[in-house]
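Engineer: Take this structure, written in structure tokens, and hold onto it; I'll ask about it next.
All of the numbers you see were taken from the coordinates with simple rules; none came from a lab. For clarity, every value in this text was computed on a predicted model and none was experimentally measured. Here the Cβ positions follow ideal geometry from the backbone for every residue, glycine too, while neighbour counts run over all protein chains shown.
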Amino acid sequence: MQLLIGTGNAGKHIEIREVLEDLSLEFLSPSDLQISIDPEETGSSFAQNALQKAKHFYEHGGCIPTVADDSGIIIEALEGELGIHTRRWGAGAEASDEQWIEYFLERMQKEKNKKARFVCNLAYIDPEGEEHLFEGSCEGLITNTLEAEYLPGLPISACFKPEGFDMVYSAMSIDQKNSLSHRGRAVQQFRLHLEQN
């Protein structure tokens, strides 16, 4: 089965593929199908935005089964500031990963409370056009500095330490990260759905 991974974020594409790699799927990206129009993100929740993205790529990709995610971080000390607006917050959507994370870490230096929660909603539109939603989350702490390299598009993974662990997401092995990260957990549920159907 062909599966369109509806994202222009290289890091997200890699993480979704990592969990599904051994299934009988042919992975496609928007660029493979010459989809250059970006989806709108006007929803008021991760789930609404994930569905908007999935529908957008499903329709523009010729109704190929499509998965898309909307994810972000909820910072306890910055209540209401990030969440669904994470990538557009602070230095802004046009900022490079380096500019965005520099602004974020500078802002977090002023906060004593470093508690955070990553959330991912994954929307899947199946071969019949039916919609499915999967959610994953992970509690943790923001570190004062970047503690590892990170995949393009995923800079917070280098300064987010999951609860009970002494290393940040991007310092973990692929299997460890994908077993406990917000996106890994959502994609694992999606994988289970594919295997059962």
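Engineer: Could you tell me which of rounded, prolate or oblate describes segment 81-122, using a ≥ b ≥ c as the square roots of the eigenvalues of the alpha-carbon gyration tensor, with rounded for a/c under 1.5 and, failing that, prolate when a/b is larger than b/c and oblate otherwise?
Structural biologist: oblate
Engineer: Mean separation of Cα pairs under 8 Å and 6+ residues apart, divided by the residue count of the chain: what relative contact order is that in percent?
Structural biologist: This gives 20 percent for the chain.
Engineer: With viscosity set to 0.692 mPa s and temperature to 37 °C, compute the Stokes-Einstein D of the chain, Rh being the Kirkwood radius across alpha carbon pairs; µm²/s, no decimals.
Structural biologist: 193
Engineer: Test of understanding: what is the full-extension gain from residue 2 to residue 93, defined as 0.36 nm times their sequence separation minus their Cα-Cα distance?
Structural biologist: Values: separation 91, 0.36 × 91 = 32.76 nm, distance 2.99 nm.
Fully extending the segment from residue 2 to residue 93 adds 29.8 nm.
Engineer: Roughly what angle does helix 46-60 make with the longest principal axis of the chain, taking Cα atoms, 0 to 90 degrees, to the nearest 10?
Structural biologist: The two axes meet at around 40 degrees.
Engineer: Based on DSSP loop calls and a cut-off of at most 14 other Cβ atoms within 10 Å, the longest stretch of the chain free of exposed trypsin sites (Lys or Arg not before Pro) is what?
Structural biologist: Segment 1-109 is the longest.
Engineer: Going 7 Å from the Cα of residue 59 toward and past its Cβ, which residues in segment 16-50 have a backbone nitrogen under 12 Å from where you end up?
Structural biologist: Those under the cut-off are 39-40.
Engineer: With n ≥ 4 as the cut-off for DSSP H runs, can you work out [θ] at 222 nm for the chain, using -39500 (n - 2.57) per run divided by the number of residues, rounded to the nearest 500?
Structural biologist: After summing the helix terms and dividing by residue count, I get -9500 deg cm²/dmol.
Engineer: Which part of segment 64-90 falls in the paramagnetic zone of residue 38, meaning amide N under 12 Å from the point 7 Å along Cα-to-beta-carbon?
Structural biologist: 87-89
Engineer: Find how many whole Å separate the alpha carbon centroid of segment 76-131 from the alpha carbon centroid of segment 1-35.
Structural biologist: Taking the Cα centre of each part, segment 1-35 and segment 76-131 sit 21 Å apart.
Engineer: Kindly provide the GluC sites (Glu not before Pro) of segment 17-85 that DSSP labels as loop, not H, G, I, E or B, and whose Cβ sees at most 16 other Cβ atoms within 10 Å.
Structural biologist: Those that pass, being in a loop and sparsely packed, are 21, 40, 79, 81.
Engineer: Sort 175, 126 so the one with the fewest other Cβ atoms within 10 Å of its own Cβ comes first.
Structural biologist: Least to most surrounded, the residues fall as 175, 126.
Engineer: What chymotrypsin sites (Phe, Trp or Tyr not before Pro) does segment 42-151 have in DSSP loop regions with at most 13 other beta carbons within 10 Å? Display every interim value, and only then the final one.
Structural biologist: Values: sites: 46, 57, 58, 89, 100, 103, 104, 118, 124, 134, 150; in loops: 89, 150.
Nothing satisfies the criteria.
Engineer: For segment 119-125, what does the Karplus curve 6.51 cos²θ - 1.76 cosθ + 1.60, with θ = phi - 60°, yield as ³J(HN,Hα) per residue in whole Hz, taken in order and with x for Gly and Pro?
Structural biologist: Taking θ as phi minus 60°, the curve returns 10, 9, 10, 10, 10, 10, 10 Hz for segment 119-125.
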